[in-house]
Every structure is written in structure tokens, then in C-alpha cells.
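S.K.: Input: one structure, supplied below.
The values are calculated or read from the model by the stated rules, or taken from the named source; none is laboratory data. What you are looking at is a predicted structure, and each value in this text was computed from that prediction instead of being measured. Backbone-built Cβ (ideal geometry, glycine too); neighbour counts: all protein chains shown.
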Amino acid sequence: MTKADLVTKIAQDSEISKKAAEAALNCAVKTIIEALKEHGEIRIDKLGTFKVIERKARTGVNPRNGEKIQIPATKAPTFRAAQALKDAIKRIPVKR
């Protein structure tokens, strides 16, 4: 599903225009990003938890020449699904 598909679905389900649905989606994404920057975590019931983790500096290997390189410390976003989301996905039949 693309962003355009999601906007269309939100507009249909909420009986609002696509323009309003896109504005709402953009606002939600912006708010999640700002919350992660400010608080480091945001929890959404029935969906899951977005969190910022810190990765330590480490030594890696350049795959082209096998040379050791230093990888600096960094922060990365993570997502942990809520149990309600996991249960909903388990009910989807497996395609073969």
C-alpha cells in the first residue's frame, strides 16, 4: 500500500476529502517525528511503540577491500508492534 492508497482509504472511511485526509496523515507523521525527537518514544494503542535507540560506536569491515573501519555512534528509530496488531496479523490466512 502506498501513501496515496492510504489517503484514499482514510478519505473513504472518514467521509472526508482526499485533501483533508492527506493533511491529517501528514500532520500525524509530523507529530510522531516531533515526539520522537523530543521524548524519544511514542505509544499508540492497538498499533505499537515508536522509540529512538542509541547504537554504540563499533568496528566494521569494508566489504570491498576487507579493511577495518570505525562506525560512529548513532541513533535509530525502532517500532515494536502492540499485541492487538500482532493478533490481527495472525488471523490473515497464509497465501501459497
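S.K.: Could you please find all residues in segment 81-96 being under 30 Å from His39 (Cα atoms) and aliphatic (A, V, I, L, M)? Can you show your working first?
M.R.: If we filter segment 81-96 for residues that are under 30 Å from His39 (Cα atoms), which is where we start, we get 81-89.
Ala81, Ala82, Ala84, Leu85, Ala88, Ile89, listed by residue number.
S.K.: While we're here: Name the strands (runs of 3 or more DSSP E) wholly within the chain that hold at least 1 residues that are surrounded by 13 or more Cβ atoms within 10 Å (Cβ to Cβ)?
M.R.: On the way: elements: 41-44, 48-55, 58-61, 68-71, 74-81.
Per the criteria, 41-44, 48-55, 74-81.
S.K.: Give the residues of segment 64-89 that are within 17 Å of the chain's Cα centre (by Cα) and of a type in the set (D, E, K, R), sorted by residue number. Let's see the steps before the verdict.
M.R.: First pass over segment 64-89, keeping only residues within 17 Å of the chain's Cα centre (by Cα): 75-86, 89.
Of everything in segment 64-89, those that are within 17 Å of the chain's Cα centre (by Cα) and of a type in the set (D, E, K, R) turn out to be Lys75, Arg80, Lys86.
S.K.: Next question. Pairs please, first residue from segment 66-80 and under 11 Å from Leu36 (Cβ atoms) and at pLDDT 95 or above, second anywhere and of a type outside the set (Lys, Arg) and not in a strand (DSSP E or B), Cβ atoms under 7 Å, 6+ apart in sequence or on different chains.
M.R.: Every condition considered, the pairs that remain are Pro77/Leu36.
S.K.: Quick one: count up the residues across segment 27-63 that are under 25 Å from Ala88 (Cα atoms) and without any contact (Cβ under 8 Å) to a residue 12 or more places away in the chain.
M.R.: Adding up the residues that qualify gives 5.
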